Amino acid sequence: MISKPEAGISPIIGVILLIFLTVVLIGGTALIFFGFADDLTEPKHAYITAEATDNATNPLVLHVWHVGDGTVLKDLIVSVNTPDGVSIGTPTKISNAFYVGETIPIEFDDSFPKGSYLVTVTGEFADGAKQVLFTKIMDLWADGQKIREVATEKLFLMADYAYWKPNKLYLTDTTPYKNILNISYWTLDLGYSGVDIQVLSNPADDYSYTYPPEAFNGTSQTFVITYTAYYIDGKSKTTVQKAVQLYVSEQPGQLGEYVRNYKIGGESLQGTGDSTHHIPLIGILSTTIWREDIEGRYIIVDGQYRPALQVNLNDPKEGASSVAITCDTEFRVGSTAYFASGETYEGNFSTFYPNTANKTAINVTLKIFDVNNTKLAEQTTVITIRE
């Protein structure tokens with residue numbers, strides 16, 4: 001019988017093939033590894049803890065204990081969920097810059113019952129990286145609830161600027177407080193993302209802020225100022241807002257260039273001269289007054305006396321000769337001249353009285369003219385009437 005030798009591979013060739021396969025596998029693995037490595041970011045070093053409180057408004061506080069060298073913690077995103085994964089509300093961000101030793105009270109926009117919740121704190125860093133810094137199931141002891149807007153105090157915030165410095169805002173709290181000890185703190189939002197919300201331990205007193213050029217979109221910008229008083233009960237607050245138009249630099253055609261005073265006032269706000277109880281309107285596109293503070297001034301509409309707002313325009317500057325006033329409600333000028341909603345008064349006056357009955361807001365447009373009846377400036381202000 002003839003035997004046929006079996007086919008095979010030389011041992012030397014087999015070794016070469018094994019080495020080749022090993023090199024290919026190592027190369028492929030390295031390629032995959034380093035490809036993923038390009039997507040990895042160095043972990044951040046920040047130590048955050050959370051603590052439950054018995055405060056219904058701030059049932060949770062965060063403590064910043066450590067932030068690594070070279071690490072800038074820009075934002076904290078807090079999520080609180082039920083065991084079923086249902087969010088109980090979006091916390092209000094207190095600030096956008098955090099430092100070691102800071103204690104941050106967390107407020108919620110919805111009410112929720114006390115119980116166990118999954119609390120997760122995610123940090124956002126200056127380089128755009130995000131990282132979970134804290135996650136834990138916690139017992140929240142207080143029944144969380146949204147802070148209620150109340151009228152326990154009637155806030156008055158004077159906002160003004162000088163014509164020669166129209167990018168600098170001056171703010172003063174002129175509230176006649178009934179019981180200032182009832183207030184825990186105040187916050188001031190200047191309506192510009194480049195500055196943090198200010199937390200004040202005392203009312204704003206001759207507060208000023210100069211807006212940088214980058215805050216403006218063109219030569220002028222409207223900033224909505226929000227001023228809030230938080231009460232010691234932790235459940236209520238009072239807020240007022242003003243929309244103020246400021247300018248990068250001196251601009252022709254500003255109302256303040258031609259009028260020294262353009263103010264609103266009522267019986268209790270009347271004062272004399274330049275009393276701080278007046279509310280200046282030059283540059284103010286929207287403001288607030290309380291209804292009970294306009295009692296004592298009246299306008300006759302359809303034979304009936306209606307409560308009216310008092311608006312003062314005094315001491316026109318050189319160059320201003322006459323004014324035109326238009327209102328979206330009835331108003332009188334002096335004691336006998338009456339105008340219907342939408343009608344325009346033209347002349348030279350010091351005070352007029354718009355009807356406020358059944359009104360929650362009044363729009364007033366003021367125009368200034370020179371001796372040739374050329375319009376020099378114009379402004380429309382929305383005056384909100386609060387109960």
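The values are calculated or read from the model by the stated rules, or taken from the named source; none is laboratory data. This is a predicted model, so every value here is computed, not measured. Reconstructed Cβ throughout: ideal geometry from the backbone, glycine too, with neighbour counts over all protein chains shown. For the accessible areas, the whole protein counts, side chains as well, though only heavy atoms, and no ligand, DNA or RNA atoms are used. Shrake-Rupley method; radii C 1.70, N 1.55, O 1.52, S 1.80 Å.
Applying a 10 Å radius around every beta-carbon, put 308-314, 126-132 in order of their mean neighbour count, most first.
Output ranking for 308-314, 126-132: 308-314, 126-132.
With only alpha-carbon atoms in the gyration tensor, what are the semi-axes of the equivalent ellipsoid for region 102-241, in Å, largest first?
After diagonalising the Cα gyration tensor, the semi-axes are 33, 24, 11 Å.
Summarise the accessible area of region 304-387 (1.4 Å probe, protein heavy atoms) by the percent that is carbon and sulfur.
C and S fraction of accessible area: 43 percent.
May I ask for the Rg/Rh ratio of region 274-387, computed from Cα atoms with Rh as the Kirkwood radius, given to two decimals?
Rounded to two decimals, Rg/Rh equals 0.95.
If ligands, DNA and RNA are left out, what is the accessible area of Arg332 with a 1.4 Å probe, given in Å² to the nearest 10?
Estimated to the nearest 10 Å², Arg332 gives 40 Å².
Using the structure shown, select from Lys168/Lys235; Lys168/Lys263; Lys317/Lys359 the pairs with a Cα to Cα distance greater than 27 angstrom.
Lys168/Lys235; Lys317/Lys359
Restricting the calculation to Cα positions, tell me the Rg (one decimal) and the Dmax (whole number) of region 141-221 in Å.
According to the Cα coordinates of region 141-221, Rg and Dmax are 15.9, 54 Å.
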